[in-house]
Structures are given as C-alpha cells and as structure tokens.
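Notes follow the structure.
The values are calculated or read from the model by the stated rules, or taken from the named source; none is laboratory data. Since we're looking at a predicted model, the values are computed, not measured. Reconstructed Cβ throughout: ideal geometry from the backbone, glycine too, with neighbour counts over all protein chains shown. Side chains are part of the model used for accessible areas, which takes the heavy atoms of the whole protein and leaves out ligands, DNA and RNA. Shrake-Rupley method; radii C 1.70, N 1.55, O 1.52, S 1.80 Å.
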Amino acid sequence: QVQLVESGGGLVQAGGSLRLSCAASVRTASYAMGWFRQAPGKEREFVAFISWSGGYTVYADSVKGRFTISRDNAKNTVYLQMNSLKPEDTAVYYCAADLGPARVLAGTSDYWGQGTQVTVSS
C-alpha cells in the first residue's frame, strides 16, 4: 500500500508562487506520478505528469510555462512548483502514483493523497 501526503498549499496573491510536495511511504523510483486538482463544483482535472525517471513530463495547457513538476527519488518525493499563480488555479491539489504511466495520465491511479488546498486571491 502506497501512502501519499501532500503539503505546501496555502493562500497566495495572484502572481505569486507556491511549491507543493508529495511524500510517499514507499520507494517511488518505479512509480509514475502526477498532480491533479479539483475546484469547487468542478470535476477533478489533470495538471502535470512525471515519469519514474523524471525524464518525461506532461502538462495541462492551462499551466504550461507556469508550473514545473519534478521528483527526487532519493527522498521519495514529487514536487509541483507553481509560479505566476492565477485565481483560476484555486483548487484542492492531489498527488497520484501508479506503476502504470497511462493510469496516472488517465486519472485512474491506484494511489492518491488526501489533497492540499491552494487559494489564489485577486
């Protein structure tokens, strides 16, 4: 069983930055990982993906150029650096992990964190 714990959320003004972390309870070197978000009244949506090695990343168009996903397998942690934040980025952000990359990209990962709230004020 993989447990994921997100941290780093908070309240920030538009244009500001936050860095989210997702710490795993197991060695993450074999797992593809990703970030998703869910705003009030909306469906959960894909934000970013990173392959097990960190050599391949994918971003949603809405965050491309502003967000950066990275990982440190020695620390079993994945990060999401969020810059130039906008009010529309306000959501609960979730970390996901799976041995199958396609499942992470599809939002059907076996393992999810509990989420961390990000609020961007205008």
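Is there any pair with a first residue in segment 70-94 that is under 14 Å from Leu4 (Cα atoms) and a second that is hydroxyl-bearing (Ser, Thr, Tyr) and open to solvent by 40 Å² or more (accessible area, probe 1.4 Å) whose Cβ atoms are under 6 Å apart and which are 6 or more apart or on different chains, and what are they?
Tyr79/Ser70
Which of the residues that make up segment 13-37 are touching a strand residue (DSSP E or B) at 6+ places or on another chain (Cβ under 6 Å) and free of Cβ contacts under 8 Å to residues at least 60 places away in the same chain?
Ser21, Ala23, listed by residue number.
Restricting to segment 47-62, what's the tally of residues that are under 27 Å from Val12 (Cα atoms), out of contact with any Leu (no Cβ under 9 Å at 6 or more places or on another chain) and open to solvent by less than 30 Å² (accessible area, probe 1.4 Å)? So that I can check it myself, show each step before the final result.
Filtering segment 47-62 down to residues under 27 Å from Val12 (Cα atoms) leaves 47-50, 57-62.
Adding the requirement that they be out of contact with any Leu (no Cβ under 9 Å at 6 or more places or on another chain) leaves 50, 57, 59-62.
Now drop any that are not open to solvent by less than 30 Å² (accessible area, probe 1.4 Å), which leaves 50, 60.
Adding up the residues that qualify gives 2.
What number goes with the only condition from (1) under 15 Å from the mean Cα position of the chain (by Cα); (2) open to solvent by less than 50 Å² (accessible area, probe 1.4 Å); (3) under 16 Å from Gly9 (Cβ atoms) that Arg66 does not pass?
All conditions are met except number (3).
Please count how many residues of segment 87-118 are exposed (fewer than 15 other Cβ atoms within 10 Å of the Cβ) and in contact with a Gly (Cβ under 8 Å, 6 or more places away or on another chain).
Total meeting the criteria: 1.
Check Val12, Val47 and return the single one that is β-branched (Val, Ile, Thr), at pLDDT 95 or above, part of a strand (DSSP E or B) and more than 15 Å from the chain's Cα centre (by Cα).
Values: Val47 fails: more than 15 Å from the chain's Cα centre (by Cα).
None of the others qualify; the one that does is Val12.
Kindly provide the set of residues from segment 19-44 that are open to solvent by 30 Å² or more (accessible area, probe 1.4 Å) and either of a type in the set (D, E, K, R) or in a strand (DSSP E or B) (or both), ordered by number.
The answer is Arg19, Ala23, Arg27, Gln38, Lys42, Glu43, Arg44.
So which residues in segment 77-92 are touching a Leu at 6+ places or on another chain (Cβ under 6 Å) and closer than 13 Å to Thr116 by Cα, if there are any at all?
Our first condition is that a residue be touching a Leu at 6+ places or on another chain (Cβ under 6 Å); within segment 77-92, this holds for 80, 82.
Within segment 77-92, just Leu80 meets the criteria.
Output the residues belonging to segment 87-122 that are among the charged types (D, E, K, R) and either touching a His at 6+ places or on another chain (Cβ under 6 Å) or closer than 16 Å to Tyr56 by Cβ (or both). It would help to see each step written out before you state the result.
In the first step, residues of segment 87-122 are kept if they are among the charged types (D, E, K, R); the result is 88-89, 98, 103, 110.
Across segment 87-122, the qualifying residues are Asp98, Arg103.
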